[in-house]
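Let me begin by presenting the structure, written as structure tokens, before commenting on it.
Every number in this text was worked out from the coordinates using simple rules, so none of it is lab data. Treat the numbers as computed from the prediction; the structure is a model and nothing was measured. FYI the Cβ positions are ideal-geometry reconstructions off the backbone, even for glycines, and counts take in every protein chain you see.
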Amino acid sequence: MNIRDVSRQVPGGLEVDIMVSPNSDRRGTDGMNEWRKCLVLRVHSPPLDGKANKEIEQYIEEATGCRSEIIRGHTNRQKTVMVRGDADKIVGSLEALL
């Protein structure tokens, strides 16, 4: 399984499906969930007042160098993040995290 299996190229960038594990002792990717077809991401922040969402967006921006925004799943562990920019470059950056 690779990043293209958990993402969709859309006008303006790439949508990536993510499963979030908040309150984690470490921050970063934790592989793929093949059943849910999503990237697993661990964050330090608790899921309160949008803190985990902000950390997710920041992590994706640091990893790809592109602006990111959660577009679905603001209150769920399963989220869709829109990463704006060249889709091929974004895929390469995300695959480097795995």
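Taking amide hydrogens as modeled 1.01 Å from N in the peptide plane, which residues meet the under 5 Å criterion relative to Lys37, leaving out close sequence neighbours? Those qualifying (amide H under 5 Å, at least 5 residues apart or on another chain) number zero.
Using the rule -39500 (n - 2.57) for each DSSP H run of four or more residues, divided by the residues of the chain, the 222 nm mean residue ellipticity is -8000 deg cm²/dmol. Rounded to whole numbers, the Karplus 3J(HN,Hα) couplings from phi for the range 13-29 are x, 9, 9, 10, 8, 10, 10, 9, 10, x, 6, 7, 7, 9, 10, x, 6 Hz, using 6.51 cos²θ - 1.76 cosθ + 1.60 with θ = phi - 60°, and x at Gly and Pro. With respect to the chain, whose longest principal axis is taken over its alpha-carbon atoms, helix 51-64 is tilted by about 30°. Under 5 Å between amide hydrogens, built in the peptide plane, is the criterion, and for His44 it picks out Ser24 among residues at least 5 positions away or on other chains. Extension gain, Lys89-Arg4: 0.36 nm per intervening residue step, less the Cα-Cα distance, totals 29.4 nm.
Straight-line reach from Lys51: taking Cα to Cα under 25 Å and skipping same-chain neighbours fewer than 8 places apart, the lysines in range are Lys37, Lys79.
What whole-number value in cubic angstrom gives the convex hull volume per residue for the C-alpha atoms of the chain? Don't skip to the end; give the middle numbers.
Details: hull volume 8.0 nm³, N = 98.
With only Cα atoms used, the chain gives 82 Å³ per residue.
Given a Förster distance of 22 angstrom, what is the FRET efficiency for Asn33 paired with Glu69, based on the Cβ-Cβ distance and rounded to 0.05? Let's see the in-between values first.
Values: r = 22 Å, r/R0 = 0.99.
According to the calculation, E is roughly 0.50.
Taken one residue at a time, the phi angles of the range 76-92 give Karplus couplings (6.51, -1.76, 1.60, θ = phi - 60°) of 10, 6, 8, 9, 10, 10, 8, 10, 8, x, 6, 4, 5, 5, 5, 4, x Hz. Gly and Pro are set to x.
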